[in-house]
Amino acid sequence: MPQPHLRTVVVLAAGEGKRMKSTLPKVLHPLLGRTLLGHVLNAAAPLAADRTVVVVGHGADQVRAHLTDVAPDATPVLQAEQLGTGHAVRIALEAVPDGAGTVVVINGDVPLLRPETVGALVTAHEQAGAAATVLAAEVPDPTGLGRIVRDADGHLEQIVEERDADATQRAIREINAGIYVFDAVRLRDALGKLSTDNDQGEEYLTDVFGLLRSTGEPVAVHVADDHVETLGCNDRVELATLRRLLRDRVNEAWMRTGVSLLDPATTWIDVTVALDRDAVVDQNTQLRGSTVVGAGALIGPDVTLVDTIVGPAASVVRSHAVGAEVGAGASVGPYAYLRPAARLADKAKVGTFVEVKNSEIGAGSKVPHLTYVGDATIGEQSNIGAASVFVNYDGVNKHRTVIGSHARTGADNMFVAPVEVGDGAYTAAGSVIVEDVPAGAMGVARARQRNIEGWVVKRRAGTAAAQAAERAGTVQGAPNGAGAASDSEAMHGPGETVGGPSGTGDTATE
Ligand code: UD1
Ligand code: MG
């Protein structure tokens, strides 16, 4: 019975990554929007493998949980003891049913590998009809890596680990990138013959090449165009280097699609982010997660956007946003904080020192200064006065505030939710709004002011203020009788509530 030609991807991710000195398994360290493992799986994705096996070991539960998120179709296979890369592949293949075909093996710690390069490797392998093909690269510094040893005709003879290499072999700068393609049947056969006769006493996957070659099987080397793609990650210094390299690659790609990056060296864009044409990203800006930036939008300087959607021609300056939506032509910042489910409609404005959470701000509405908007719905073309607080939390539950369209709320208002301010309504400055304000009404909720004439000259005699008051000539003798008041009354007196709209002196700010 003919066996199906299956394509299997095996990712090796059981190692601890000792030199990372981390409680997080090495392959789960993040790098511009994906984990190291996520990058590798992404590079293999276009192969459309029939099955993907991920060998897990150190931090197996964490790695399995991550796979459920990012690659639910992949099969984790446990390598309880890390007895070498050959042992890991053997265990992986024991877990999948037999079958002819191709096996692609990728070390879990080569995150800069591009899908195109994996594709070219597989094509080269198939075209050569090889039993095994290794991806190699010429590197400036081969320290710690396996060397590609070729014979006089340039054919691959064997791959030698640095610790097992002699001086001549160590001088070779062509290295094994840790990415391979094998004929499944011949790989299974060779894996059964691996020895542990090496410096680490491990089963080396790389020995498969020498074994196949010694039995006359064709083995091949495919050299990567850009050695940077083959860089592994063994410690945090290398991780930082990889991050910079990936940043440069991502930034260059966006600039080539018509996005302006004013300072690419301080612009960090996750591989999962999308930007539209003529977006301009100013310096010191981080765009993360599922962030999308619309055409012609201006982002930065000094902006962090996480999972945030910014519409066309919007602007976000010196601000932080997480899980927010900014409509077309809307404006945010400088110094704004948009928290999850902050939704700004088209041409809305959230200005300086304003925090917004779980709130809709309608088209053209403005929250310009020093304000907290939490759990609110604001209609269209309304203006919220400076220094206002949407008082959403009673200590146990959160409540909503609703502000209508074309409303004008005064500066320094508290909206004690649940409360509503109707369409076209106004509120007076300094009001604590605890009751609904009907459409078109003026809501006033504050003490009436009274002035105690001559108080300073009497109570603060001899001070510069008193002298200034005397110079101003407003004092008609010392206060007495009806005009007199104690200090405490003057500072904290109950005052009166303004009965009508006249003289409320509402000072809405725009
Ligand atoms: C390996 C190669 C080396 C190559 C280098 C490229 C071998 C013997 N050597 O060396 O030729 O130049 O990669 O980066 O293969 N792993 C397991 N189980 C194990 C051992 C390792 O899953 O028992 C995984 C690790 O998690 C890692 C990958 O295999 O993702 C490579 O292992 P590592 O220990 O980093 O091998 P290197 O010494 O770097
Ligand atoms: Mg390694």
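What number of residues in segment 149-172 are over 17 Å from Thr133 (Cα atoms) and in contact with a helix residue (DSSP H, G or I) (Cβ under 7 Å, 6 or more places away or on another chain)?
2
Within the bounds of segment 78-92, is there any residue that is of a type in the set (Lys, Arg) and away from ligand 1 (no atom under 12 Å from the Cβ)?
no
Which residues, counting only those in segment 21-78, are among the charged types (D, E, K, R) and in contact with a Gly (Cβ under 6 Å, 6 or more places away or on another chain)?
Lys26
Could you say which residue among Ala88, Ala130 is in contact with a Pro (Cβ under 6 Å, 6 or more places away or on another chain) and surrounded by 14 or more Cβ atoms within 10 Å (Cβ to Cβ)?
Within the list Ala88, Ala130, the selection yields Ala130.
I need every pair where a residue in segment 235-249 that is under 16 Å from Gly108 (Cβ atoms) has its Cβ under 6 Å from the Cβ of a residue that is open to solvent by 70 Å² or more (accessible area, probe 1.4 Å), sequence separation at least 6 or different chains.
Filtered contacts from segment 235-249: Asp235/Arg19.
Among the residues of segment 108-127, which ones are touching a Ser or Thr at 6+ places or on another chain (Cβ under 9 Å), within 16 Å of ligand 1 (Cβ to nearest atom) and either in a helix (DSSP H, G or I) or open to solvent by 40 Å² or more (accessible area, probe 1.4 Å) (or both)?
Residues satisfying the conditions are Thr117, Leu121.
If you go through segment 231-247 one residue at a time, how many are more than 16 Å from ligand 1 (Cβ to nearest atom) and aliphatic (A, V, I, L, M)?
2
Given the conditions (1) open to solvent by 30 Å² or more (accessible area, probe 1.4 Å); (2) more than 16 Å from ligand 2 (Cβ to nearest atom), and given that Thr143 satisfies all but one, which numbered condition is not satisfied?
Just one mismatch for Thr143, condition (2).
Mind listing just one residue for me: the one in segment 124-165 that is without any contact (Cβ under 8 Å) to a residue 12 or more places away in the chain and small (Gly, Ala, Ser) and, of those, nearest to Thr85 (Cα to Cα)?
Looking at the filtered set, the residue picked out is Gly154.
For segment 72-84, which positions are closer than 24 Å to Arg34 by Cα and either open to solvent by less than 20 Å² (accessible area, probe 1.4 Å) or not in a loop (DSSP other than H, G, I, E, B) (or both)?
Scanning segment 72-84 gives Ala74, Thr75, Pro76, Val77, Leu78, Gln79.
To keep it simple, each residue is scored yes or no on (1) under 22 Å from the mean Cα position of the chain (by Cα); (2) at pLDDT below 95; (3) not β-branched (Val, Ile, Thr).
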position: Val292; (1), (2), (3): yes, no, no
position: Thr308; (1), (2), (3): yes, no, no
position: Ser331; (1), (2), (3): yes, no, yes
position: Ala336; (1), (2), (3): yes, no, yes
position: Leu344; (1), (2), (3): yes, no, yes
position: Lys347; (1), (2), (3): no, no, yes
position: Val367; (1), (2), (3): no, no, no
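Would you check which residues across segment 157-182 are surrounded by fewer than 23 Cβ atoms within 10 Å (Cβ to Cβ), away from ligand 1 (no atom under 12 Å from the Cβ) and part of a strand (DSSP E or B) and list them?
Once the filter is applied, which keeps residues that are surrounded by fewer than 23 Cβ atoms within 10 Å (Cβ to Cβ), away from ligand 1 (no atom under 12 Å from the Cβ) and part of a strand (DSSP E or B), segment 157-182 yields only Glu157.
Which of (1) at negative phi; (2) open to solvent by less than 20 Å² (accessible area, probe 1.4 Å) is the odd one out, the single condition Thr52 does not satisfy?
(2)
Looking at (1) assigned to a helix (DSSP H, G or I); (2) open to solvent by less than 20 Å² (accessible area, probe 1.4 Å); (3) among the hydrophobic types (A, V, I, L, M, F, W, C), find the lone condition where Ala136 falls short.
(1)
The values are calculated or read from the model by the stated rules, or taken from the named source; none is laboratory data. For clarity, every value in this text was computed on a predicted model and none was experimentally measured. Backbone-built Cβ (ideal geometry, glycine too); neighbour counts: all protein chains shown. Ligands, DNA and RNA are excluded from the accessible area calculation, which covers all protein heavy atoms including side chains. Shrake-Rupley method; radii C 1.70, N 1.55, O 1.52, S 1.80 Å.
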